[in-house]
Each structure stands twice: as C-alpha cells, then as structure tokens.
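**Student:** First the structure, then my questions, so here it is.
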Amino acid sequence: MRAIGMALRLRGLGLLLGAGLVSLTGDWILRIGLAYYICLLTGSTLASATMLLASFVPQVALSSLAGVFVDRWEPRRTMIVTNLLLAAGLLPLLAVHRAGEVWIIYVVVAYEACVQQFFAPAQQSVMPRLVEEQHLVTANALNGQATDISRLAGSAAGGVLAAAGGIAAVTVTDLASFLVAALLITRLPALRPGTPAGLTVLAGARDADDDAAGAVRVTVRARLAQLRSEWADGLRLSVRQPILRVVLIFLAVTSIGEGVMGTLFAPFVRSVLHGSGPDYGVIVAAQAIGGIGGGLIAAAAGSRFRPAWLLGGGAVAFGVIDLALFLYPLAHVAVWPAILLMIVVGVPGALLLAGAMTLLQSAAADSHRGRVFGALGAVEGVAVVAGTIAAGFLGQSVGIIPVLAAQGGGYVAGGIAVLIALRAQRAANPAEPAGVALTLRLQES
C-alpha cells in the first residue's frame, strides 16, 4: 500500500485519475441508460445493436488518425476541449421522446465515439509526463482500477436513472460528469518536458514543403501530405520498434479473444452453466469486483517487477484461470465456481494491463505516443470485430466450450511469446533505452 500512497500524493495523478473516474462513470450511466431507453421505446434488438455499432465504428475508422492530432496538440488542452465537446454533444438527446426519434441517439452516440478517440490517446500520453518512471506501473494499475469501479457503479446507476428519470436523467448526469472532468484537468500541474522523438524524418512532409516553397501559402494538398506522412510515421514506429511491435501483436491476439468472450460468455452462462439472468449479472459484477481488487494488488506490488514480466506472467496466469473457468463444467456444472474464478482472474488481468500500458508509454517518445495509442485503438477495434464474427460462426459449428477454451489458450501462448520476445530484446540491448535502437537505425539510413 505504500506504493499506492506515494503515487496518490502526486497531485497531478490524483486529478487525472479523478477526472477519468468521474467521466467513465458518466459514460457507463449513459451507455446502460440508452440501451434501456432504446429497448423501452422500440422493443427492437436490432435498434440496440445499431447503437452498439454506432459507438464502435469510429474506433476502427478514426482512432489511428486521431493519434496524429493528439501528438500535435498540447495534451492537457486536448483533454479539456474534448470533455467540453462531449458534454455539448449530449444535448440533442433531450429531444428524444418517441421511437421515430431514435435516430438522434445513433447520431449522438457516433459523435461521442468520434470525440472519444482524441481523449484516450491524450490521457495515455500525458501519464508519463505527470509521474516519475518508478511510479508509472502503479499509476497505470490505478487507472485500470478506475475503469472497473466506474463500470460497476455506472452500470448500476444507469439502469436506475433510466427507469426513474428517462433519457433526460442519464443525459444530464453524463453531461455533468464531463464538465467536472474538464474542471479537474484544468488544475493539472505543468507537465514535465517531453522526450525527443523516436522518428524525426517526415519525408512526405518535407517533399510537400519543397513543392509548396514558391507558393504564397501552404496548399491543402501539402497539408494533407504532411498529415499522411505523420500518420504513416506513427504506424512505422509501432511496427518497427521491437517492444511496441510485440505488445501490439499481443493486444491484437487477445482483443480477438475479447470479441469471442463478449459474444459467447452469456450463452456460456445460460446454456453450459444453466444459469439465470441474475446469475449472469452476478458473474459480470464479480469480474468488476475482481478487477478492483486486482488493481489494488497491481498498484501496491506491480512496481517491484519489470513491466514485461507483469504483461507476460499476468497473461499466462490469466489464460490458465480462463481455461479453468471454461473447462470445469465438463466435470461439474454449477455457477458458484464461475463467480469465484471471475474474481480471481481480476488479479492477473490488472497486472497484464498495467504492464502493457507501461511498456507502450515507455517505448514511445512523447512526440509519437498519441499515434501509438491511436494505432492500438484501431488494432483493438478490428480485432474485436474479427473475434465477434468468428465467435458467431464457430460457437455454433464447433461449440461454446472449445471456442472459449481457445481464447484462454491464446492468453497463455501470448504471454509466453511476450516473455520470450522481450527477454531476447533485453539480452540483445541490455542498457538501451526504449526507442533508441530505432532512432539510430533511421538516422543511419
């Protein structure tokens, strides 16, 4: 607990975590409230699925490009402006009263998802500039814990508010959460100076500038060329930097597993465990409770271990527990072991998340961190879609248990691969800071 206390005494971290907790809780209230309200208005599962699609497509389409702008802009100002834009964008929801107006919800949800793509990379890029390196694992673990707390509190409050006050209640609550978050971010202390860029040569931008040298003003074509060059620059860093490449591949594989899990877990509870709706709710809540407890453990002890060990070891443990969760019904069908295992799996889940975020933040220079996390968002989005589609087909043709077990095996294999790859990378460059090797290779070429 000493590590947690030391980290929370950092004024900037406490404000950033508080802003994230308030904003995410409001998001969960809105998400659950809108799902309830759409069902109440239309009675259509297709309408609910359309809302989820409207919130998901922007992550795939915009996340990577948004990271380019996040790297250009001052991160604190970016977070403030995005919170204000998110608050203003909710106002049209107050006009929804009938089923024929549900399209307004889709437009608002899509708009909110687009703006969110600018906030998330800015928040991740600012973390290493608020805390010292020795506190970074603890800070990321606490940030992950805030996500679980907001999911638990916001999910419960969203249903209650929607039932009691309708769409106006959830809208006003989420709007207020964005305003409070913006206010907290305005009080962040000055950020430490950023590290130099890992990639400094932007060939496309230089060519565009040369072409436009004789012009009175920079043309739209030149600006687009520069934007394309910076976007490619970030993708190149994510692919060519060894640590970033390993972590992104791991997250791509496990995000496919998350798509599988999101698709098949409810059928697993219903058809394999023969559980009821309330049983499913208790198991999902247990996952959040486990995440909160795991976040505390990761925050208290995570700084004692290297981030690579947290990611790799946490992934292996997570996969083993997942395998136990999905295979135990072959011997004994009951709900209570699932509840217990969902709590236990929160510990390695929090460890691997803290390790992954720390590795990504440390391996990318401040000037490129937004693009790295933007690329991560795009990769995760595509992978979740792939996992969701695959699970829909394979769940029926292969079976629920084998597909979910394969998802757990993916974590085990991914964790072992991370440990081997990052250990080999460290052995090859024992004293080389993250990103240095790539910078030198680019300069030499």
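**Student:** Mind listing which trypsin sites (Lys or Arg not before Pro) in region 89-160 are in a DSSP loop and have 11 or fewer other Cβ atoms within 10 Å?
**Tutor:** In loop regions of region 89-160 (DSSP not H, G, I, E or B), the sparsely surrounded trypsin sites (Lys or Arg not before Pro) are 98.
**Student:** Next up: What part of the accessible area of region 12-133, given as a whole %, is carbon or sulfur when the probe is 1.4 angstrom?
**Tutor:** Ligands and nucleic acids excluded, carbon and sulfur give 70 percent.
**Student:** Can you find, among 142, 128, 165, the residue sitting farthest towards the positive end of the charge dipole of region 59-198, where Lys and Arg contribute +1 and Asp and Glu -1 at Cβ?
**Tutor:** 128
**Student:** In Å², and per residue, what accessible area does region 299-348 have when probed at 1.4 Å with the other protein chains present?
**Tutor:** So region 299-348 comes to 45 Å² accessible per residue, rounded to a whole number.
**Student:** Could you tell me the accessible area of residue 74 in Å² (1.4 Å probe, neighbours in place), rounded to the nearest ten?
**Tutor:** Accessible surface of residue 74 is approximately 60 Å².
**Student:** Work from the charge dipole of region 60-152 (Cβ charges, +1 for Lys and Arg, -1 for Asp and Glu, about the Cα centre) and give the residue of 94, 81, 70 farthest towards its positive end.
**Tutor:** Of the candidates, 94 comes out farthest on the positive side.
**Student:** Considering only protein heavy atoms and a probe of 1.4 Å, how much of the accessible area of region 338-426 is carbon and sulfur, as a whole percent?
**Tutor:** After summing per-atom areas, the C and S share lands at 76 percent.
**Student:** Count the net charge of all other residues whose Cβ sits under 15 Å from the Cβ of residue 251, scoring Lys and Arg as +1 and Asp and Glu as -1.
**Tutor:** With Lys, Arg at +1 and Asp, Glu at -1, the net is -1.
**Student:** Quick check: with the 1.4 Å probe, what order do 357, 79 take by accessible area, largest first?
**Tutor:** Final ranking, largest accessible area leading: 357, 79.
**Student:** Moving on. Of 271, 64, which has the most accessible area and how do the rest follow, probe 1.4 Å?
**Tutor:** Per-residue accessible area, sorted high to low, gives 271, 64.
The values are calculated or read from the model by the stated rules, or taken from the named source; none is laboratory data. As the structure is a prediction and not an experimental result, all values here were calculated from the model. Note: ideal-geometry Cβ built from the backbone for every residue, glycine included; neighbour counts use all protein chains shown. Note: areas computed on protein heavy atoms with side chains; ligands, DNA, RNA excluded. Shrake-Rupley method; radii C 1.70, N 1.55, O 1.52, S 1.80 Å.
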